[in-house]
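Notes follow once the structure below has been shown.
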Amino acid sequence: MNTLARGDVQSAARIVVKVGSSSISGANAGQIARLVDAIAEAHGRGTEVVLVSSGAIAIGMPYLHLSERPTDLATQQAAASVGQNLLIFRYQDSLDRFGIVAGQVLLTAGDLENPAHRSNARRAMDRLLALRILPIVNENDTVATHEIRFGDNDRLAAMVATLIQADLLVLLSDVDALYTKPPHLPGAERIDHVAAGEALAGMEFGTATGSGVGTGGASTKVSAARIAADAGTAVLVTATGLVAEALRGEHIGTWFAPATTPSGHPLP
């Protein structure tokens, strides 16, 4: 892992990209191709990329004739079981344009709490990356329970970035950056840079997306960014539609500078 500066994104050896359900499902399903284009560009210059993708439950919902995200665990698990297969198929169908092969990695919080399981997960992803495979990671919603769930894939992405010692974590959402308050409110100002350990006092972050299919929001991204940055991984928070610019190192989004003295591997 290198301590990455904002202007050095193209030199990053290993990057984790996280995308949420609302960005790649429903009316936004077409954004998968744009996301794959950007990942393929980074992959083509030799960067090792891991994609953490939500969306299994959202994609599975129509096949279970559900118009809203289910609230009970069993139905969530059923929707995830159907949707995970379709999610990977959609990614692979787009990746075929570049001759890139995806590898599915499903994790629970328990996997990263257990030293042996954590070591196995690290070894598997290291090997996939060495073979030039694109690992696509998601929470294993089909078997996860309320007690062991990550709660949102922003946190999962931060844990994965820490696990594999990524140089950069890119957290994608529906908004181009973090703001001092919800961006539709008067007086909201974009946060350009967060120094290592800097407190974001007085910020007003929302707690959930408005799409009805995701579980994350600005507050979860801040928490996830803290986990990764404290462990030495730089973090960029921006919109899914700006992923190509993000991976080229353009000055967009909100940058969380990594700690120069990492705090070590944080457990879920």
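A crude spin-label estimate for the pair residue 114 and residue 97, with each label 7 Å from Cα along the Cβ direction, gives 3.9 nm. If you sort the three axes of the alpha carbon gyration tensor as a ≥ b ≥ c, you get a/c of 1.5 or more for region 41-169 and a/b no higher than b/c, which makes it oblate.
Summarising the strand pairing of the chain, around 15 percent of its internal DSSP beta bridges are antiparallel.
Sorted on the mean count of surrounding Cβ atoms within 10 Å across their residues, most packed first, peptides 96-108, 226-238, 30-42 read 226-238, 30-42, 96-108.
Excluding ligands, DNA and RNA, the accessible surface per residue across the chain is 42 Å² with a 1.4 Å probe.
Summary value for region 64-166: 31 percent relative contact order, contacts being C-alpha pairs under 8 angstrom separated by 6+ residues.
Across region 236-250, coupling constants 3J(HN,Hα) worked out from phi with the 6.51/-1.76/1.60 Karplus curve, θ = phi - 60°, read 10, 10, 7, 7, 4, x, 10, 5, 4, 4, 4, 6, 8, x, 5 Hz, and Gly and Pro carry x. Per-residue extension of 0.36 nm, minus the Cα-Cα distance of residue 104 and residue 63, leaves a gain of 12.6 nm for this segment.
Distances between placed amide hydrogens fall under 5 Å for residue 134 paired with 101, 102, 103, all partners being 5 or more residues away or on another chain.
Using a 10 angstrom cutoff on alpha carbons, build the Gaussian network for the chain and name the most mobile of 129, 51, 200. Top of the fluctuation ranking is 200. Computed over region 1-93, relative contact order equals 28 percent, with contacts defined as Cα pairs under 8 Å that lie 6+ residues apart. Packing order of peptides 78-89, 163-174, 240-251, highest average first: 163-174, 78-89, 240-251 (average count of other Cβ atoms within 10 Å over each peptide's residues). Ligands, DNA and RNA left out, the 1.4 Å accessible surface of the chain is 52% carbon and sulfur atoms.
Membrane-span-like helices of the chain, defined as complete DSSP H segments with a Cα extent of 24 Å or more along the helix axis and a mean Kyte hydropathy of at least -1.0, are identified as 73-95.
The values are calculated or read from the model by the stated rules, or taken from the named source; none is laboratory data. Fair warning: this is a prediction, and the values are worked out from it, not measured in the lab. Neighbour counts are summed over all protein chains in view; Cβ atoms, including those assigned to glycine, are modelled from backbone coordinates with ideal geometry. Protein only, heavy atoms only, side chains kept; ligands, DNA and RNA dropped before computing areas. Shrake-Rupley method; radii C 1.70, N 1.55, O 1.52, S 1.80 Å.
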